[in-house]
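Chemist: Sending over a structure as structure tokens; questions will come in a sec.
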Amino acid sequence: MKVYIPDALRSYTGDRRHVEGRGATLAALMLDLDRQFPGIRFRMIDEQDAIRRHMRVFVNGDEARRLDVALKDGDDVAIVQALSGG
Amino acid sequence: MPQSAARKPAAAGPVTLLVATRKGAFILKSDNARRAWKTTGPLFLGQIVHHMVLDPRDKRTLLAATSTGHLGPTVMRSTDRGRTWKEAAKPPAFPKAPEGEQGRSVNHTFWLTPGHASEPGVWFAGTAPQGLFRSADGGNSWAPFSSINDDPQYRKWMGSEKDGTPDGPKLHSIIVDPRDRNHMLFGMSGGGVHESFDGGRTWQVIIDGLEVVEGFGFDPKDPTFHDPHCLKICPGNPDRLYQQNHCGIYRRDGKGPWVRIGRSMPKTVGDIGFPLVVHPRDDNTAWVFPMDGTQVWPRVSPGGKPAAYVTRNGGRTWQRQDKGLPRAQGWFTVKRQAMCGDAREPVGLYFGTTGGEVWVSRNEGAQWACIVRHLPEIYALEVAAS
């Protein structure tokens, strides 16, 4: 599936805006992304498996707030950095 | 050990300053006289750099504790004195909590300390929320100190995220005794001062003599109510410690109690502040940079008249050092990690302000000069071993 990577994380993806990932759940997708781009997961997901405060993940346009959200081939996943103050 | 023992003055040569700011890091390098300075950077532009430290053992490895407003915290590493950087493979992180239990998550790594000279590659880190971590591979992977992080008593003393400084309670001032790698100390804001003689397997609370905020009925024997801002061990006499605390300036000799040595500061200035610097050879000499700790705690220079204060007699008396600093309307804030000294003769002193200025004294505080302006808010300043 196609995964949109925000500006703040493109240093991990070689400046690629879109990458391909695999996984039956958002948790599995995050592990796959970390396998491809070491370190990227911890910047988005904390050690208690919570999506960090200012990160948002959308699956086909709907916000996913937990990592156990199911995914299927063809889904579009967008990782977005929420706005935070200066 | 004699008072003016041990370390020889560093040979004359350039001084390198590592400047960690809220929006990136900078490196300042002087000429041999410490008069002309060149700024390079920014490194990690836009990232919050909480602390950047050079390993004094190999003089090549640099660690920088970074985070951003959005992303999780990490540690960046350079093994070529800052030319190239790589992210730590396993940054400091608390263990995943068992199902149904509330776990903790590192917000940022606040403090970095290189290990003992006999243990190359060992580093220690303090985090917010409060945790102590150790790396044995030059900062690439970090493991929690369960003797602190998981100990119910320590967790109680640390309190919750509401019990610390505005951007989170911090474990800081991790000290390894240069004579003995098993002798360690650290401070918790809040949570008191702690000492180990077995390399961190067990810890003792050392708060005897420290005062607590008056008027609330706080028990001075409870570490919960103690807020050490900055601890330093004297390189010239490691049996002597100095401390800038929320409730004054203190000194401790051997295993004795803390003695409040800030009582002799001018009453209009007080003895509240954040940073403290000790002389590299003379254990009777230390510097502080007082802050206004009245009413709502403005945390700026008292009266808008910034000054360092030096003691030359272990805290019996203090002298004001403000030559070259603004005479009025100078509302400096200098954070606990943002003042340091070099090992030269005379000692060079350096501080960075939340207004993005770096000030230098080449003569132990007798005269100050601003060498850099317009940087982002300065969080930490360290001299890199040359």
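The values are calculated or read from the model by the stated rules, or taken from the named source; none is laboratory data. Predicted model only: the values in this text are computed from it and were never measured. As a convention, Cβ positions derive from the backbone with ideal geometry for all residues, glycine included, and neighbour counts pool all protein chains shown.
Chemist: For region A:61-81, state whether one or more residues are within 26 Å of B:N140 (Cα to Cα) and more than 7 Å from chain B (Cβ to nearest Cβ).
Modeler: No, that holds for no residue.
Chemist: What is the one condition in (1) under 23 Å from B:S67 (Cβ atoms); (2) part of a loop (DSSP other than H, G, I, E, B) that A:R22 does not satisfy?
Modeler: Status for A:R22: all satisfied but (1).
Chemist: Looking at region B:257-274, which of its residues are without any contact (Cβ under 8 Å) to a residue 40 or more places away in the chain and either crowded, with 16+ Cβ neighbours inside 10 Å or not basic (K, R) (or both)?
Modeler: If the condition is that a residue be without any contact (Cβ under 8 Å) to a residue 40 or more places away in the chain and either crowded, with 16+ Cβ neighbours inside 10 Å or not basic (K, R) (or both), then B:T268, B:G270, B:D271, B:I272 are the ones that fit.
Chemist: Let me ask you something else. If I filter region B:1-19 down to residues being modelled with pLDDT of 95 or more and among the aliphatic types (A, V, I, L, M), which single residue comes out as surrounded by the most Cβ atoms within 10 Å (Cβ to Cβ)?
Modeler: Per the criteria, the residue is B:V19.
Chemist: Mind listing whichever residues of region B:97-151 are more than 22 Å from B:G191 (Cα to Cα), surrounded by fewer than 24 Cβ atoms within 10 Å (Cβ to Cβ), out of contact with any Ser or Thr (no Cβ under 7 Å at 6 or more places or on another chain) and not aliphatic (A, V, I, L, M)?
Modeler: Across region B:97-151, the qualifying residues are B:P98, B:E99, B:G100, B:E101, B:G115, B:H116, B:S118, B:E119, B:P120, B:G121, B:D137, B:N140.
Chemist: Yes or no: B:R155 modelled with pLDDT under 95 and of a type in the set (K, R)?
Modeler: The answer is yes for B:R155.
Chemist: For A:R56, work out the one condition from (1) within 14 Å of chain B (Cβ to nearest Cβ); (2) assigned to a loop (DSSP other than H, G, I, E, B); (3) surrounded by 12 or more Cβ atoms within 10 Å (Cβ to Cβ) it doesn't fulfil.
Modeler: If we test A:R56 against (1) within 14 Å of chain B (Cβ to nearest Cβ); (2) assigned to a loop (DSSP other than H, G, I, E, B); (3) surrounded by 12 or more Cβ atoms within 10 Å (Cβ to Cβ), just (2) comes out false.
Chemist: Scan region B:155-175 residue by residue and report those that are touching a residue at least 40 places away in the same chain (Cβ under 8 Å) and buried (at least 16 other Cβ atoms within 10 Å of the Cβ).
Modeler: B:W157, B:G159, B:D163, B:G168, B:P169, B:K170, B:L171, B:H172, B:S173, B:I174, B:I175
Chemist: Within 14 Å of chain A (Cβ to nearest Cβ) and either more than 30 Å from B:R281 (Cα to Cα) or of a type outside the set (S, T, Y) (or both) - does that describe any residue in region B:1-19?
Modeler: No, region B:1-19 has no match at all.
Chemist: Restricting the first residue to region B:74-86 and requiring it to be within 20 Å of B:F133 (Cα to Cα) and more than 14 Å from chain A (Cβ to nearest Cβ), which pairs with a second residue that is of a type outside the set (F, W, Y) and assigned to a strand (DSSP E or B) meet a Cβ separation below 6 Å and a spacing of at least six or different chains?
Modeler: If the second residue must be of a type outside the set (F, W, Y) and assigned to a strand (DSSP E or B), the pairs left are B:S78/B:L62.
Here is a yes/no grid of residues against (1) buried (at least 17 other Cβ atoms within 10 Å of the Cβ); (2) touching a residue at least 60 places away in the same chain (Cβ under 8 Å):
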residue	(1), (2)
B:R316	no, no
B:Q321	yes, no
B:Q329	no, no
B:T333	yes, no
B:G348	yes, yes
B:S361	yes, no
B:A369	no, no
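Chemist: Could you go through region B:355-363 and let me know if any residue there is among the hydrophobic types (A, V, I, L, M, F, W, C) and within 17 Å of B:I272 (Cβ to Cβ).
Modeler: No; the residues of region B:355-363 include none that is among the hydrophobic types (A, V, I, L, M, F, W, C) and within 17 Å of B:I272 (Cβ to Cβ).
Chemist: Just for strands (runs of 3 or more DSSP E) wholly inside region B:277-379: which have at least 3 residues that are closer than 21 Å to B:A33 by Cβ?
Modeler: Working: elements: B:286-290, B:308-311, B:319-321, B:339-341, B:349-352, B:358-361, B:369-372.
Because the criterion is at least 3 residues that are closer than 21 Å to B:A33 by Cβ, the strands (runs of 3 or more DSSP E) in region B:277-379 that meet it are B:349-352, B:358-361, B:369-372.
Chemist: Further question on the same structure: Somewhere in region B:363-377, is a residue closer than 12 Å to B:L17 by Cα and under 19 Å from the mean Cα position of the chain (by Cα)?
Modeler: no
Chemist: OK, next. Answer with yes or no whether B:P92 is over 16 Å from B:V49 (Cβ atoms) and either buried (at least 16 other Cβ atoms within 10 Å of the Cβ) or out of contact with any Pro (no Cβ under 9 Å at 6 or more places or on another chain) (or both).
Modeler: Answer is no for this residue.
Chemist: Considering region A:1-25 alone, what residues qualify as being within 14 Å of chain B (Cβ to nearest Cβ) and of a type in the set (S, T, N, Q)?
Modeler: Hits for region A:1-25 are A:S11, A:T13.
Chemist: Do we have any residue at all in region B:60-71 that's out of contact with any strand residue (DSSP E or B) (no Cβ under 6 Å at 6 or more places or on another chain), in contact (Cβ under 8 Å) with a residue 40 or more places away in the chain and farther than 30 Å from B:N363 by Cβ?
Modeler: Yes, that holds for at least one residue.
Chemist: Looking only at region B:187-197, which residues are of a type in the set (G, A, S), part of a loop (DSSP other than H, G, I, E, B) and surrounded by fewer than 24 Cβ atoms within 10 Å (Cβ to Cβ)?
Modeler: Residue satisfying the conditions is B:G190 alone.
Chemist: Select from region A:33-43 the residues that are at the interface with another protein chain (Cβ under 7 Å from one of its Cβ atoms) and surrounded by 23 or more Cβ atoms within 10 Å (Cβ to Cβ) and list them in ascending order.
Modeler: Scanning region A:33-43 gives a single hit, A:R43.
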